[in-house]
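Structure, as structure tokens:
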Amino acid sequence: MRIILTATGVLGFLSISISGINCGSVETFDNELYPLQKLIMIPEITDTQREEFNRNVESEFISIMDESSKKISGYRTKNRLFLETVMTPLIDPHLGRISQMSKVEIINYFTLFSFEIYQRYIGKDFYRWGGDILDLDDPQERGSRCKFSFGLDCSGFIASPYELAVYYGLINDTEALFSSKGYQKYCQANKKQDIGGREGSSNNFRLDTQELAELGRELFRLEKKQIPTDQQIKLLQPGDIVGRSGHFGIIGELNSEPYYLESGGWVVPENDGIPVKAFDALKIFASTGSISVKRCLENRN
């Protein structure tokens, strides 16, 4: 079933200019929400970058051996190359300023930045099954866009701001539970085995929706077709995750209001790839089944 977002959930319109490049389209945003964050400017994409980083770059088919000597074959992502080559040079000059922010603000900046730069380079819909920003996931044989090098699946996207915060040394891994390093610490402390990979093997502590459904502390829950209250919306802060085993999105803050962002799913894609106000998003998401709102950071207020 496809859910069409009404005008209530839409803020402005997205103007897209398509470049006649055979390696993929480039999107230009003309909307009151864009740029989503105002600190890290994303410059025009160069011809070299456009050729190397776009949604149509195919991945090589490889085989690896897991810890039990089983062969796993498939296509592996190259998101870490995108992180190191494109994202880090833009982030580095601002690390001093970002380090002075609260942890919630840091996660918000990286949430908005990751969403926007992946849309700019990979497309409004940058979903890729088995895609995480550090390439921790096993190679994949099947699933949406599994043969392509760049893109994030739903859990890969919502973990990305936490992964970046740990990667740049801005938040320690114990606090960043929704990161691979944080999850590894959690598993060690709780004697839990990481079995998220294919064939039940370890997945390098890469978080999937099944793990996310178990981690963090629940702020509130909406049952199927339940509508969030104003009080529940006021509880939200950047970095909160929303969903259930199978799909999750994340809360960001734009213009001092909570918004919902996701990769894949049926809320943001139905809004032409534009982040959706949290109230509208949670109402739509809960229309298909119960959802949970969870947090790993300290409460901001």
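The values are calculated or read from the model by the stated rules, or taken from the named source; none is laboratory data. Worth saying up front: this structure is predicted, and the values here are computed from it rather than measured. Here the Cβ is made from the backbone with ideal geometry for all residues, glycine too, and neighbour counts use every protein chain on show.
I'm checking my understanding of the structure. Among residues of region 62-84 that are at pLDDT 95 or above and among the hydrophobic types (A, V, I, L, M, F, W, C), which one is farthest from GLN119 (Cα to Cα)?
If we take residues in region 62-84 being at pLDDT 95 or above and among the hydrophobic types (A, V, I, L, M, F, W, C), then LEU81 is farthest from GLN119 (Cα to Cα).
Kindly provide the set of residues from region 195-215 that are among the basic types (Lys, Arg) and buried (at least 19 other Cβ atoms within 10 Å of the Cβ), ordered by number. Can you show your working first?
First, the residues of region 195-215 that are among the basic types (Lys, Arg): 198, 206.
Within region 195-215, just ARG206 meets the criteria.
Is there a residue being touching a residue at least 24 places away in the same chain (Cβ under 8 Å), on the phi > 0 side of the Ramachandran plot and not in a loop (DSSP other than H, G, I, E, B) anywhere in region 71-91?
yes
Over 19 Å from SER155 (Cα atoms) and either in contact with a Pro (Cβ under 7 Å, 6 or more places away or on another chain) or part of a loop (DSSP other than H, G, I, E, B) (or both): which single residue out of GLN226, GLN237 fits that description? Explain how you work it out, then say what you get.
Details: GLN237 fails: over 19 Å from SER155 (Cα atoms).
The unique qualifying residue is GLN226.
Suppose we keep only residues that are small (Gly, Ala, Ser) and surrounded by fewer than 24 Cβ atoms within 10 Å (Cβ to Cβ) within region 134-179. Which one would you say is farthest from ASN79 (Cα to Cα)?
Within region 134-179, the first condition is being small (Gly, Ala, Ser), and the residues that meet it are 143-144, 149, 151, 155-156, 159-160, 165, 169, 176, 179.
Narrowing the set further to residues that are surrounded by fewer than 24 Cβ atoms within 10 Å (Cβ to Cβ) leaves 143-144, 169.
Working: GLY143: 17, SER144: 16, GLY169: 19 Å.
Out of the qualifying residues, it is GLY169.
Take the residues in region 168-194 that are among the aliphatic types (A, V, I, L, M) and touching a Lys or Arg at 6+ places or on another chain (Cβ under 9 Å), then tell me which one is nearest to THR88 (Cα to Cα).
Start the filter on region 168-194 by keeping residues that are among the aliphatic types (A, V, I, L, M), which leaves 170-171, 176-177, 189.
Checking which are touching a Lys or Arg at 6+ places or on another chain (Cβ under 9 Å) leaves us with 170-171, 176-177.
On the way: LEU170: 14, ILE171: 17, ALA176: 20, LEU177: 22 Å.
Only one residue fits best here, namely LEU170.
Filter region 244-260 down to residues that are more than 13 Å from the chain's Cα centre (by Cα), in a strand (DSSP E or B) and not aliphatic (A, V, I, L, M), then give me how many there are. So that I can check it myself, show each step before the final result.
First, pick out the residues of region 244-260 that are more than 13 Å from the chain's Cα centre (by Cα): 244-246, 253-259.
Within this subset, residues satisfying the condition of being in a strand (DSSP E or B) are 244, 253-254, 257-259.
Now narrow it down to the ones that are not aliphatic (A, V, I, L, M): 244, 253, 257-259.
Total satisfying the criteria: 5.
Would a scan of region 103-117 turn up a residue that is surrounded by fewer than 17 Cβ atoms within 10 Å (Cβ to Cβ), over 22 Å from PHE148 (Cα atoms) and modelled with pLDDT of 95 or more? Break it down into steps so the answer makes sense when it comes.
Here is the first cut: in region 103-117, the residues surrounded by fewer than 17 Cβ atoms within 10 Å (Cβ to Cβ) are 105.
If we keep only those that are over 22 Å from PHE148 (Cα atoms) as well, we get 105.
If we keep only those that are modelled with pLDDT of 95 or more as well, we get 105.
Taking every residue of region 103-117 in turn, at least one turns out to be surrounded by fewer than 17 Cβ atoms within 10 Å (Cβ to Cβ), over 22 Å from PHE148 (Cα atoms) and modelled with pLDDT of 95 or more.
Does any residue of region 232-250 turn out to be more than 19 Å from PHE220 (Cα to Cα) and either touching a residue at least 40 places away in the same chain (Cβ under 8 Å) or of a type in the set (A, V, I, L, M, F, W, C) (or both)? Steps first, please.
Narrowing region 232-250 to residues more than 19 Å from PHE220 (Cα to Cα): none.
Looking for residues that are more than 19 Å from PHE220 (Cα to Cα) and either touching a residue at least 40 places away in the same chain (Cβ under 8 Å) or of a type in the set (A, V, I, L, M, F, W, C) (or both), one finds none in region 232-250, hence no.
Yes or no: TYR162 at pLDDT 95 or above, over 21 Å from GLY246 (Cβ atoms) and among the hydroxyl-bearing types (Ser, Thr, Tyr)? Outline the logic, then answer.
Working: at pLDDT 95 or above: yes; over 21 Å from GLY246 (Cβ atoms): no; among the hydroxyl-bearing types (Ser, Thr, Tyr): yes.
Answer is no for this residue.
Yes/no matrix, rows are residues, columns are (1) surrounded by 23 or more Cβ atoms within 10 Å (Cβ to Cβ); (2) β-branched (Val, Ile, Thr); (3) in contact with a helix residue (DSSP H, G or I) (Cβ under 7 Å, 6 or more places away or on another chain):
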position	(1), (2), (3)
ARG217	no, no, no
PHE220	no, no, yes
GLU223	no, no, no
VAL242	yes, yes, yes
LEU254	no, no, no
GLU257	no, no, no
SER263	yes, no, yes
LYS277	no, no, yes
SER287	no, no, no
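Quick one: how many residues across region 180-204 are touching a helix residue (DSSP H, G or I) at 6+ places or on another chain (Cβ under 9 Å), modelled with pLDDT under 95 and among the basic types (Lys, Arg)?
Of the residues in that region, 1 qualify.
For region 184-199, what are the residues that are over 22 Å from ILE64 (Cβ atoms) and in a loop (DSSP other than H, G, I, E, B)? Let's see the steps before the verdict.
Quick first cut of region 184-199, residues over 22 Å from ILE64 (Cβ atoms) only: 185-186, 188-192.
Correct list: LYS191, LYS192.
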